[in-house]
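Beneath this line is the structure, given in structure tokens, with notes to follow.
The values are calculated or read from the model by the stated rules, or taken from the named source; none is laboratory data. None of these values were measured; they are calculated from a predicted model. Note: ideal-geometry Cβ built from the backbone for every residue, glycine included; neighbour counts use all protein chains shown.
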Amino acid sequence: MRPKVGVFDFTCCQGCELQILNCEEEMPDLIAALDIVAFREAMTERGNYYDIAFIDGACSRESEIVSLKEIRKRAKIVIPIGACACLGGVNCLKNAYPMDEVLKAEYGEAASYYDTIPARPISAVIPVDFFMPGCPIVKEEFIRVVQELLAGRDPYQPNDPVCAECKAGGNVCVFDKGMTCLGPVTRGGCKATCVTGGAVCWGCRGLIDEPNIHAEKEILESAGLSMEDITKRFNLFNVCQEGVWK
Amino acid sequence: MPIVTTLKADFYSSVQNMIHENEVYGVKRKTPSFAFDKLCATQELCLDYDITVLPPNQYLLPPTDPLITFNLSPEVSIRSKVESRATIILGIHAYDLHAIKLLDAVFTGNLVDVNYQARRSATAIIGVDCLNPWLYSFAASMGTALPPSIFDLWLTDLGGEYLIEVGSSRGQDLSKRYLKTKSARKVQIRQRDKFRQDSLNRYQLSLDRSAQEIPEILDKAWKNPLWEELGEKCFSCGSCTMVCPTCVCFDVRDKITLNLKRGERYRLGDSCMFDAFDKVASGENFRPTGTDRLRHRLYRKGKYMLERWGELGCVGCGRCVHACLVDIASPVYAYNRLVKEATQWPSA
Ligand code: SF4
Ligand code: SF4
Ligand code: SF4
Ligand code: SF4
Ligand code: SF4
């Protein structure tokens, strides 16, 4: 029996779902291996019970709390995918402002038609079974996690900082080029794709389990960043990782 | 084995021919540093470099290295996968060759690793003396600034020409096939020796004691507070090991197709600086803190590898010194500090 799979979107850009659809080469094998019963971005049919539910996006409305609880009831395995779902991600930047101001800024006159609550990661609303981080998720990681679930294994969660793959890939460290980076405290598994492509790590995969925040602050400070810059930098994806970065 | 010379201009046209007929990995510019990479044209080659971002180990131990392929259905079958291709590494420095000597001991000593061995024996090594050492290197005091005799050809830049020492019959063949040489005169060999001697004096970092004393220094250092002082800054990022030419640790993982019918088992680089490295199935971690792991790494470099494989685990290339963003990875700094404090903190 092929496992029944649902893919759901909450507050996000749906880029992570697009990454699933971007697995073009593997798509025939994916469809053969999985019974995809719900996937709003890709199809109209909709089933109601799931062996695996992939959840894209953060939770930022009361109605989303209700939907999430319903999905949890109907799914055996729940996996948040992407920075929005795993960390709250960029959505949480709004939490620094009063909600009515946020609504007005976004919808102007029409604000009264909408409601919103402070954004939060999926795990703040329902229990989840695994995290697949990244903004967006890494295609290869999605395929690997599906393989491991099909084989009946607990998926492997990388916990080494981005620096490891960055160095192993032969990159010149951006600190040698006068730039700064969150690689030393960010969960690897993306092959340091941003540094390899000429940018820096912004921390989209979230923090490793035991990040050395103190040391990271020190290296950013000695690279010339103010405390305010450092906080901004960190808050981009990780502001909802409360208590870790203050 | 003979010692010959070749004009630089001739040498670079020889390299073009070499590239034409072989897979040649040489040193190229990678601003602001240098890197080993596949050579496509002789102009890309930079033999006057200070350091490469990564050592050339990647050609002997690729970052991901398939070991076996297997079928799970309809029948279970397993096949070993050994990949190797005739390869030339061009421009290796002496410290990196000392590291390969250690890899040889690890992978072709008592236990032969067939994947390593196949690649190693298919790889010709053409090295070059490092006459202008890197700011962070301390190879001279590790005794690794001059090449061990496991090269095929070894170059020294004499200005207008290269002095070339032939180190093996494979080197002899390469020389015959590609190089336009004259036998070296005594005065040229003396000039090489002087250039080498001068280069040894140009290293900025050095050990305060001889490298042979490191194990003894470490014997008395287990409880030194230095480890805590350095370790609390550690990111456990593994940068220091990823760039290290003597690091040999790997993890083994499986990759299975979505239909669960076929798969591949491969290895990939691991690091004793990672939090998960010492985690065992029961969930315990026998080196749970950055401090434990940092101490372990510096014992491994300065003592354990020597005891097990007969070579020190650090060749003084300096890559980790530079790679560590919090300046705690340097073996030379740690060993010198321990010497200084030996009187204050007697044995464990
Ligand atoms: S994690 Fe990034 S790509 Fe994925 S949904 Fe959120 S914003 Fe889009
Ligand atoms: S560029 Fe960033 S990720 Fe890469 S080694 Fe440097 S700090 Fe680490
Ligand atoms: S390098 Fe950093 S920002 Fe880029 S994908 Fe990886 S974790 Fe995300
Ligand atoms: S420990 Fe550091 S200096 Fe020694 S060989 Fe490794 S990278 Fe080079
Ligand atoms: S010693 Fe430095 S480079 Fe090595 S793991 Fe610790 S922080 Fe990273």
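Show me the helices (runs of 4 or more DSSP H) found entirely inside region B:209-277 where at least 1 residues are within 16 Å of ligand 2 (Cβ to nearest atom) and at the interface with chain A (Cβ under 10 Å from one of its Cβ atoms).
Per the criteria, B:239-242.
So how many residues does region A:130-188 have that are small (Gly, Ala, Ser) and not in a loop (DSSP other than H, G, I, E, B)?
Looking only at that region, the number is 3.
For region A:1-106, list the strands (runs of 3 or more DSSP E) that sit wholly inside it and hold at least 2 residues that are among the charged types (D, E, K, R); which are they?
Those strands (runs of 3 or more DSSP E) span A:4-9, A:50-56.
Go through region A:137-161 residue by residue and tally those that are modelled with pLDDT of 95 or more and aromatic (Phe, Trp, Tyr).
1
Consider A:GLY188 carefully, then state whether it is under 16 Å from the mean Cα position of the chain (by Cα), within 16 Å of ligand 5 (Cβ to nearest atom) and crowded, with 17+ Cβ neighbours inside 10 Å.
Considered against the rule, which asks whether it is under 16 Å from the mean Cα position of the chain (by Cα), within 16 Å of ligand 5 (Cβ to nearest atom) and crowded, with 17+ Cβ neighbours inside 10 Å, A:GLY188 comes out as yes.
Consider only pairs whose beta carbons are under 6 Å apart and that are at least six residues apart or on different chains; among these, list those whose first residue lies in region A:155-183 and is more than 7 Å from chain B (Cβ to nearest Cβ) and whose second residue is basic (Lys, Arg).
Taking only residues 6 or more apart or on different chains, the pairs are A:GLU165/A:LYS191.
Assuming B:GLY290 fulfils every condition listed in (1) within 11 Å of ligand 5 (Cβ to nearest atom); (2) under 21 Å from the mean Cα position of the chain (by Cα) apart from one, which condition is it?
(2)
Listed residues B:GLN197, B:GLN188; which is more than 16 Å from ligand 4 (Cβ to nearest atom), touching a Leu at 6+ places or on another chain (Cβ under 9 Å) and in a helix (DSSP H, G or I)?
B:GLN188
Could you tell me which residue of region A:36-68 is farthest from A:PRO3 (Cα to Cα), considering only residues that are of a type outside the set (S, T, N, Q) and without any contact (Cβ under 8 Å) to a residue 12 or more places away in the chain?
Going through the qualifying residues, I end up with A:VAL66.
Six or more apart or on different chains, Cβ atoms under 9 Å: show the pairs whose first residue is in region B:102-118 and free of Cβ contacts under 8 Å to residues at least 40 places away in the same chain and on the phi < 0 side of the Ramachandran plot and whose second is aromatic (Phe, Trp, Tyr) and crowded, with 18+ Cβ neighbours inside 10 Å.
Taking only residues 6 or more apart or on different chains, the pairs are B:THR108/B:TYR116; B:ASP113/B:PHE107; B:GLN117/B:PHE107.
Can you list the strands (runs of 3 or more DSSP E) found entirely within region B:1-62 that contain at least 3 residues being out of contact with any Asp or Glu (no Cβ under 7 Å at 6 or more places or on another chain)?
Fully inside region B:1-62 and qualifying: B:23-30, B:33-38.
Just the residues that are among the β-branched types (Val, Ile, Thr), assigned to a loop (DSSP other than H, G, I, E, B) and within 14 Å of ligand 5 (Cβ to nearest atom), please, taken from region A:193-229.
A:ILE208
Being among the small types (Gly, Ala, Ser), away from ligand 3 (no atom under 12 Å from the Cβ) and surrounded by 19 or more Cβ atoms within 10 Å (Cβ to Cβ) is the filter here, so list the residues in region A:136-169 that pass it.
Passing the criteria: only A:ALA168.
Pick from region B:38-59 the residues that are of a type in the set (A, V, I, L, M, F, W, C) and more than 30 Å from B:GLN204 (Cα to Cα): which of them is nearest to the other protein chains (Cβ to nearest Cβ)?
So the residue we want is B:LEU39.
Would you check which residues across region A:39-57 are more than 14 Å from chain B (Cβ to nearest Cβ) and either touching a helix residue (DSSP H, G or I) at 6+ places or on another chain (Cβ under 7 Å) or within 21 Å of A:ARG144 (Cα to Cα) (or both) and list them?
A:PHE39, A:GLU41, A:ALA42, A:ASN48, A:TYR49, A:TYR50, A:ASP51, A:ALA53, A:PHE54, A:ILE55, A:ASP56, A:GLY57
I'd like the full set of residues that are over 30 Å from B:THR69 (Cα atoms), within 16 Å of ligand 4 (Cβ to nearest atom) and touching a strand residue (DSSP E or B) at 6+ places or on another chain (Cβ under 8 Å), limited to region B:236-265.
B:CYS237, the sole residue that qualifies.
Kindly establish whether A:PRO133 is within 16 Å of ligand 3 (Cβ to nearest atom) and more than 14 Å from chain B (Cβ to nearest Cβ).
yes
Which of the numbered conditions does A:THR231 fail, given that it passes all the others? Conditions: (1) more than 11 Å from chain B (Cβ to nearest Cβ); (2) exposed (fewer than 14 other Cβ atoms within 10 Å of the Cβ); (3) farther than 22 Å from A:VAL138 by Cα.
Single failed check for A:THR231: (2).
Return the residue satisfying two criteria in turn: it lies in region A:194-205 and is in contact (Cβ under 8 Å) with a residue 24 or more places away in the chain and either at the interface with chain B (Cβ under 10 Å from one of its Cβ atoms) or more than 14 Å from A:ARG233 (Cβ to Cβ) (or both), and of such residues it is farthest from ligand 4 (Cβ to nearest atom).
Restricting to residues being in contact (Cβ under 8 Å) with a residue 24 or more places away in the chain and either at the interface with chain B (Cβ under 10 Å from one of its Cβ atoms) or more than 14 Å from A:ARG233 (Cβ to Cβ) (or both), the top hit is A:ARG205.
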